[in-house]
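Coordinate-derived values only; no laboratory data. Owing to the predicted nature of the structure, the values given are computational and were not obtained by experimental measurement. Note: ideal-geometry Cβ built from the backbone for every residue, glycine included; neighbour counts use all protein chains shown.
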Amino acid sequence: MNIREEKRQVLRNRVNFWALQLGIHPRIVRVRSMTRKWGSCSTSGIVTFAIDLAEQEPGFQDFVIAHELLHLRVPNHGKLFKALMTVHVPDWKTYSTEQRRVSKAINHRFTAPAGSCR
Ligand SMILES: [Zn+2]
């Protein structure tokens, strides 16, 4: 297994864990190179994650993965979304602000919020 495959596997395992945890099962999970975002989701049940996410700390991975999966249930960042994030990822706010620093560190220009649903 090459390094890219290993990274994919790491993220897929994490996504599977969160799918069970949240009871939200995406139709398709994609892992690929993304230059501007850590993750995205579509209303048709597809979630996509940046392969570089595999190199970030586990807590940050959880933040991004839970964020995208929750969007399959709540397609905005309203009160319900934030409440669910707080239940499942209690320190999500830390990561939400830290995200900029982390992105900068790996020289990405993440202009949109980590999981903006397009
Ligand atoms: Zn979002």
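The relative contact order of the range 3-105 comes to 24 percent, based on Cα pairs under 8 Å that sit 6 or more residues apart. In this structure, the amide hydrogen of residue 30, modeled 1.01 Å from its nitrogen in the peptide plane, lies closer than 5 angstrom to those of 47, 48, 49, counting only residues at least 5 positions away or on a different chain. Counted residue by residue at 0.36 nm each, then reduced by the alpha carbon distance between them, the extension gain from residue 30 to residue 87 reaches 18.0 nm. Take the Cα of residue 3, go 7 Å toward its beta carbon, and the backbone nitrogen atoms of the range 38-68 under 18 Å from that spot belong to 50-57.
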